[in-house]
Amino acid sequence: MSNNSQSLQREGALFVISAPSGAGKTSLCKEIVDIIPGLRHSVSYTTRPMRKGEVDGVDYHFVDADVFAGMVAADAFAEWAEVHGNRYGTALATLDNARQTGCDLLLDIDCQGAIHLKAKQVQGVNIFILPPSMPELERRLRERQTDSDAVIERRIVNARGEIAQAGWYDYWVFNDDFNLALEQLKSIITAETCRAARYRGVIEDLLR
Ligand code: 5GP
């Protein structure tokens, strides 16, 4: 049986990844969907303005505050949260679609969103990306040279609050060496997709 036919008989897995800004989550998430076949990035809805280089429908579904509020009123989100003054949400339709097509989905969402999904008993593998140390996190935030000192200070305070919540996540990945962190993330995702409980009827088919 090829790997592909096995994955057709497996339910799609949900990977929820959170991290404070500066931990390297965005780069790790971008890289991992390129190297793991069948893993797709969940495209969230956001009211944040599009940044240079971003593509609507690829990085996010960029919507205005009214459209977002309409989706909240219509219960269209599995979770949503306000992050740094903008709203972000994961549409229920995105999760349903992945479940129906058996595809594995990577949700790059903040801690509030991850907690909402857990409270709603959405079955996901929760992964927290950590910086190697707080001074290193601060160094990375300053190195970006995109934010003012006040914004960096706020991000550091927020980061402390987020890291303090890492305890309930299933896995921690310390992003000191990027390639090692990527390898660890890959191992977690690969092992989780091999869980026996995710397969339905495979053994019966094998023994037929
Ligand atoms: P950025 O604006 O830098 O792309 O993302 C800011 C933060 O919003 C990141 O921590 C990211 O994980 C989070 N985020 C992105 N999409 C969602 C979402 O659908 N729900 C929640 N709760 N957070 C999200």
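Tabulated data for the structure shown
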read-out: Meets criteria (of a type in the set (Ser, Thr, Tyr), over 17 Å from Tyr169 (Cα atoms), touching a helix residue (DSSP H, G or I) at 6+ places or on another chain (Cβ under 9 Å) and within 14 Å of the ligand (Cβ to nearest atom)) for Tyr60; value: no
read-out: Residue match in the stretch 102-111 (condition: surrounded by 12 or more Cβ atoms within 10 Å (Cβ to Cβ) and at pLDDT below 90); value: yes
read-out: Subset of the stretch 128-164 that is modelled with pLDDT of 95 or more and assigned to a loop (DSSP other than H, G, I, E, B) - its residue that is nearest to Ile32 (Cα to Cα); value: Pro131
read-out: Scope the stretch 68-105; condition within 29 Å of Arg198 (Cα to Cα) and among the acidic types (Asp, Glu); matching residues; value: Asp75, Glu79, Asp96, Asp104
read-out: Residue in the stretch 128-139 that is more than 11 Å from the ligand (Cβ to nearest atom), free of Cβ contacts under 8 Å to residues at least 24 places away in the same chain and among the small types (Gly, Ala, Ser) present; value: yes
read-out: Boolean, Ala78 is within 10 Å of the ligand (Cβ to nearest atom), in a loop (DSSP other than H, G, I, E, B) and aliphatic (A, V, I, L, M); value: no
read-out: Members of the stretch 63-75 found to be hydrophobic (A, V, I, L, M, F, W, C) and either part of a helix (DSSP H, G or I) or within 10 Å of the ligand (Cβ to nearest atom) (or both), listed by number; value: Ala65, Val67, Phe68, Ala69, Met71, Val72, Ala73
read-out: Single residue of the stretch 93-110 satisfying the filter (more than 8 Å from the ligand (Cβ to nearest atom), within 15 Å of the chain's Cα centre (by Cα) and not in a loop (DSSP other than H, G, I, E, B)) that is nearest to Ser27 (Cα to Cα); value: Leu106
read-out: The one condition in (1) β-branched (Val, Ile, Thr); (2) without any contact (Cβ under 8 Å) to a residue 40 or more places away in the chain; (3) touching a Lys or Arg at 6+ places or on another chain (Cβ under 9 Å); (4) more than 24 Å from Tyr60 (Cβ to Cβ) that Ile152 fails to fulfil; value: (4)
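The values are calculated or read from the model by the stated rules, or taken from the named source; none is laboratory data. Since this is a predicted model, take the numbers as computed values, not measurements. Backbone-built Cβ (ideal geometry, glycine too); neighbour counts: all protein chains shown.
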